[in-house]
Amino acid sequence: KLEALGAYTFESRLKKALKRVDIDESALIQQVSSLSGGQKTRLSLAGILLSKYDIQLLDEPTNNLDLEGLTLLENYLLSSKRGFVVVSHDRRFLRKIATKIIELTPAKAGVELYSLGYDEFVQARDAKKRALEEAYQNFQDLELDNIELQVGNFDELLTVVIDQAAQLDFVYIDGNHR
């Protein structure tokens, strides 16, 4: 079981992972709390490199990474055969690595999958939003036309009633006898 988990090769894999993320092995004897934000992020990246999971969740993985660390992360994600769920506000990073986007819309309690890169997703989402706004505007225009038609019909009906009432001895309009 230990062999299947990679326990016997862990030390050599750890050294390779630390070298890939540019962390000196001497950092291993330090308290993690004493490391800088960038070093902690690189250490986390080394953990990703060492892991054997089929899918991983990365929450804001670009935080505290310098350009070199960011490039390393991007190259790793692009070359890996694993699946990653990435939560990030870094649009440049998403443009580079995303191949599918899951959009969560809490207001509609909706989840929608786009099999697109980030820029294509933004275009598709914006086009969908414009189409919905146009459909709503068309609906409002139809409703307004319907109301105007009803008002027009009411005006015609009122004219007929007034014409017929004029033939009577008196007409009662707006609370006044005429």
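Any residue that is surrounded by 10 or more Cβ atoms within 10 Å (Cβ to Cβ) and over 30 Å from ALA98 (Cβ atoms) - is there at least one of those in region 108-120?
Among the residues of region 108-120, not one is surrounded by 10 or more Cβ atoms within 10 Å (Cβ to Cβ) and over 30 Å from ALA98 (Cβ atoms), which makes the answer no.
In region 67-89, which residue that is of a type in the set (D, E, K, R) and either part of a helix (DSSP H, G or I) or open to solvent by less than 40 Å² (accessible area, probe 1.4 Å) (or both) is modelled with the highest pLDDT?
GLU74
Pairs under 7 Å by beta carbon, first residue in a helix (DSSP H, G or I) in region 6-19, partner of a type in the set (Asp, Glu), six or more apart or different chains?
LYS15/GLU25; LEU18/GLU25
Among residues belonging to region 27-66 that are in a loop (DSSP other than H, G, I, E, B) and aliphatic (A, V, I, L, M), point out the one that is surrounded by the fewest Cβ atoms within 10 Å (Cβ to Cβ).
Looking at the filtered set, the residue picked out is LEU35.
Matching residues to (1) farther than 21 Å from VAL87 by Cα; (2) of a type in the set (Phe, Trp, Tyr); (3) modelled with pLDDT under 85; (4) touching a helix residue (DSSP H, G or I) at 6+ places or on another chain (Cβ under 8 Å):
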site: GLY6; (1), (2), (3), (4): yes, no, yes, yes
site: ALA17; (1), (2), (3), (4): yes, no, no, yes
site: ASP24; (1), (2), (3), (4): yes, no, yes, yes
site: LEU28; (1), (2), (3), (4): yes, no, yes, yes
site: GLN39; (1), (2), (3), (4): no, no, yes, yes
site: ILE48; (1), (2), (3), (4): no, no, yes, yes
site: GLN56; (1), (2), (3), (4): no, no, no, yes
site: PRO61; (1), (2), (3), (4): no, no, no, yes
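Out of all the residues in region 97-107, which are in a loop (DSSP other than H, G, I, E, B) and open to solvent by 90 Å² or more (accessible area, probe 1.4 Å)?
THR99, LYS100
The values are calculated or read from the model by the stated rules, or taken from the named source; none is laboratory data. Just so we're clear, the structure is a prediction, and the values are computed from it rather than from any experiment. All Cβ positions, even for glycine, are placed from backbone atoms using ideal geometry, and neighbour counts span all protein chains on display. The area values use the complete protein model at the heavy-atom level, side chains included, leaving out ligands, DNA and RNA. Shrake-Rupley method; radii C 1.70, N 1.55, O 1.52, S 1.80 Å.
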